[in-house]
Amino acid sequence: MSADRVVLERGKDTSLTVHLFGATVISWKCNGSEILFLSKKSLFDNKKAIRGGIPVCFPQFGPWDLGPQHGFARISTWTLEQAPKTLSSGDVTAVFTLTDNDETRKMWNHGFKVTYTLTLKETEFVSDFVVKNTGEDSFSFTALLHTYLGVSDVTKATVSGLKGLQYIDKVKEGKVFTEQRELVTIPENYDRVYMNTQGGHIVHDTATGKTIIIKKTNLPDTVVWNPWEEKAKAMSDFGDDEYPKMLCVEAGHVSSPVTLDPGASFVAGQVIVAK
Ligand code: TA6
């Protein structure tokens, strides 16, 4: 395994592989089956964000005046603060950190430390995401865990926990609509920011019967994204025929920024359960 990848090995063909470039989780194997989608065309050149897995968007989700789309965290090299450690429960945990440096300060002149703790359980994967303001001035940010789930056929997937909620539809010029459906299906290019989705989601693959449960803390928004055919062709690091095999269900704090005073911390997290 190359030096820039960290593996949390739990046995029984259950493991998590994290790339130090972006602290991007690039694989979660649960009892032998891969839960995440990773594009075969992802570049892994330590320049362009990894196409798949769970890129970390910080300090900006989406287009940014001060720097690259989705911020610099996913294209920065993180530090392995604590190597994988097996707990008495058999769970395995590791800690990754990102602090401000000359590159980040050129774009965003603030002192910060992001601490990203990943814990692999038997059929669950827990991510704790903490942002601390280590500087002398307040700052605001948005953040998101850009989770690419693997599915057998996106047209056969359903997502719960969105009914009655407002969403910003980035495919329809950012207009705001209200979701009417109990179970959301994805029949075309979707790029929606659902707001106030505290209750979490069940992502069900009706073709395979596989189910993923997403529980979130202090990440009140959920982005649902599939590029579909045309946008897939426009992405050089994504296969033209790969869009049916993935569905992004992304937990974030994006529709309103978080503001942190000096010394203060933002604590958030996500638990994904594979059924
Ligand atoms: O999270 C959905 C989204 O913001 C879409 O608008 C789409 O751009 C996607 O992220 C991928 O962005 P990327 O910068 O990785 O190509």
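The values are calculated or read from the model by the stated rules, or taken from the named source; none is laboratory data. Bear in mind that the values here come from a model prediction, so they are computed numbers and not experimental data. With ideal geometry, Cβ positions are generated from the backbone for all residues, glycine too; neighbour counts draw on all protein chains shown. Each accessible area value is taken on the protein alone, full model and side chains, heavy atoms only, with ligands, DNA and RNA left out. Shrake-Rupley method; radii C 1.70, N 1.55, O 1.52, S 1.80 Å.
With a threshold of 18 Å on the Cα-Cα distance, the over-threshold entries among Lys29/Lys113; Lys47/Lys113; Lys29/Lys210; Lys40/Lys245; Lys210/Lys233 are Lys29/Lys113; Lys47/Lys113; Lys210/Lys233. Here the ratio of the Cα radius of gyration of the chain to 2.2 N^0.38 Å is 0.96. Note on Trp64: accessible area approximately 40 square angstrom, rounded to 10, probe 1.4 Å, nucleic acids and ligands left out.
Sorting Glu9, Glu230 by accessible area puts them as Glu230, Glu9; the probe is 1.4 Å, largest comes first, and only protein heavy atoms count. Note on surface exposure: Phe125, Phe44, Phe61 rank Phe44, Phe61, Phe125 by accessible area, highest first, 1.4 Å probe. Computed with a 1.4 Å probe on the full set of protein chains, the accessible area for Lys175 sits at about 110 Å².
Roughly how big is segment 84-125's charge dipole about its Cα centre, with Cβ charges of +1 (Lys, Arg) and -1 (Asp, Glu), in debye to the nearest 20?
Dipole size: approximately 140 debye.
Expressed as a whole percent, the accessible surface of segment 48-190 that belongs to carbon and sulfur atoms is 48, based on a 1.4 Å probe. The alpha-carbon positions of segment 184-275 define a convex hull whose volume is 134 Å³ per residue. Note on segment 10-87 and segment 223-275: Cα centroid distance 11 Å, given to the nearest whole angstrom.
Rolling a 1.4 Å probe across the protein heavy atoms gives segment 65-193 an accessible surface of 45 Å² per residue. With the alpha-carbon atoms of segment 1-75 aligned to their principal axes, the span from lowest to highest coordinate is 46, 22, 22 Å, starting with the largest.
Within the assembled protein chains, the solvent-accessible surface assigned to Ser140 is about 60 Å², based on a 1.4 Å probe. Legend: residues Ile168, Ile212, Ile54, sorted from most to least accessible area (1.4 Å probe; ligands, DNA and RNA excluded), read Ile168, Ile212, Ile54. The dipole here belongs to the chain: it is taken about the Cα centre, uses +1 on the Cβ of Lys and Arg and -1 on the Cβ of Asp and Glu, and is about 380 debye.
Taking only the Cα atoms of segment 79-133, the ratio Rg/Rh comes out at 1.12, with Rh defined as the Kirkwood radius. Neighbours of Glu103 by Cβ distance under 14 Å: Lys/Arg scored +1, Asp/Glu scored -1, total +2.
Considering only Pro59, Gly209, Thr134, the residue lying farthest towards the positive end of the dipole of the chain is Gly209, judged by Cα position with unit charges set on Cβ.
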